[in-house]
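To keep things clear, I will list the structure first and then write my remarks on it.
Quick note: the coordinates plus some simple rules give every number you see, no bench work behind them. Note that the coordinates shown come from a computational prediction; the quantities given were computed from them, not determined experimentally. Counting neighbours? That spans all protein chains shown, and the Cβs are built from the backbone with ideal geometry, glycine included.
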Amino acid sequence: MAVRRLNHAVLYVRDVAASVDFYTDALGLEVRMQMPGRAAFLRAPGSANDHDLGLFEIPHGETPRGAYLGLYHLAWEVGTLAELAETRDRLVRRRALVGASDHKVSKSLYAKDPSGIEFEVMWRVPAEAWDQELASGELIAPLDLEGELARWGGRVTGAAAGSIT
């Protein structure tokens, strides 16, 4: 498996504002992006990640399909898009792949394990391209993995590159 490290965790929370307050105060995390009443993405100071913790609000009385308070998913990072494509092929063979998204700063696959627990496998776009990527339209789009392979080639990023930028 080409997984290099755990990249981030995502939690379903009751009150995103209260959770942001808690994690920024208690752990010193910094707000990277916030959608009031919906979601927030936090990062540890000096982190090489776009975000280390994602928070999605589930208001009282609402339960999105399959959602519950607590862990939503963990994201495993690979070093190259070729490794992401290899992972996609293995997940498809196992009938575990449930989605694929282009998050601008990352290219992501979503799958479920035999217990139905969802996880993400992602490749991180080079940090120096994040601002340009985030300015280029929708924050979430369908993933064109072959197109991204053509664009980025064998670029090694994240933990595999040994960088903290």
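Residue-wise, which Karplus ³J(HN,Hα) couplings in Hz belong to region 144-157, taking 6.51 cos²θ - 1.76 cosθ + 1.60, θ = phi - 60°, and x for glycine or proline?
9, 4, 5, x, 5, 4, 5, 6, 9, x, x, 3, 9, 10
Which whole-Hz ³J(HN,Hα) couplings does region 122-137 yield from phi under the Karplus relation 6.51 cos²θ - 1.76 cosθ + 1.60, θ = phi - 60°, glycine and proline marked x?
The phi angles translate into 9, 10, 8, 5, x, 4, 5, 9, 4, 4, 5, 5, 5, 7, 9, x Hz.
Mind checking region 38-141 for trypsin sites (Lys or Arg not before Pro) that DSSP puts in a loop (not H, G, I, E or B) and that have at most 12 other Cβ atoms within 10 Å?
Working: sites: ARG38, ARG43, ARG65, ARG88, ARG90, ARG93, ARG94, ARG95, LYS104, LYS107, LYS112, ARG124; in loops: ARG38, ARG65, ARG94, ARG95, LYS104.
The qualifying sites are ARG38, ARG65, ARG94, ARG95.
How large is the Kirkwood hydrodynamic radius of the chain, counting all unique pairs of alpha carbons, in Å?
Details: mean 1/r = 0.0605 Å⁻¹.
Evaluated on the chain, it is 16.5 Å.
In the chain, what percentage of the DSSP-assigned beta bridges are antiparallel, given to the nearest 5? Please report the intermediate quantities before stating the final value.
Details: 31 of 40 bridges.
Looking only at bridges with both residues in the chain, the antiparallel portion is about 80 percent.
With a cap of 11 neighbouring Cβ atoms within 10 Å, and only residues DSSP puts in a loop, list the GluC sites (Glu not before Pro) found in region 41-139. Don't skip to the answer; put the middle values down first.
On the way: sites: GLU57, GLU62, GLU77, GLU83, GLU86, GLU118, GLU120, GLU128, GLU133, GLU138; in loops: GLU62, GLU138.
Those satisfying the criteria are GLU62, GLU138.
Calculate for the chain the 222 nm mean residue ellipticity that helices alone would give, adding -39,500 (n - 2.57) per DSSP H run of length 4 or more and normalising by residue count, nearest 500 deg cm²/dmol.
On the way: 4 runs with 38 residues, N = 165.
Taking each H run of at least 4 residues, the total per residue is -6500 deg cm²/dmol.
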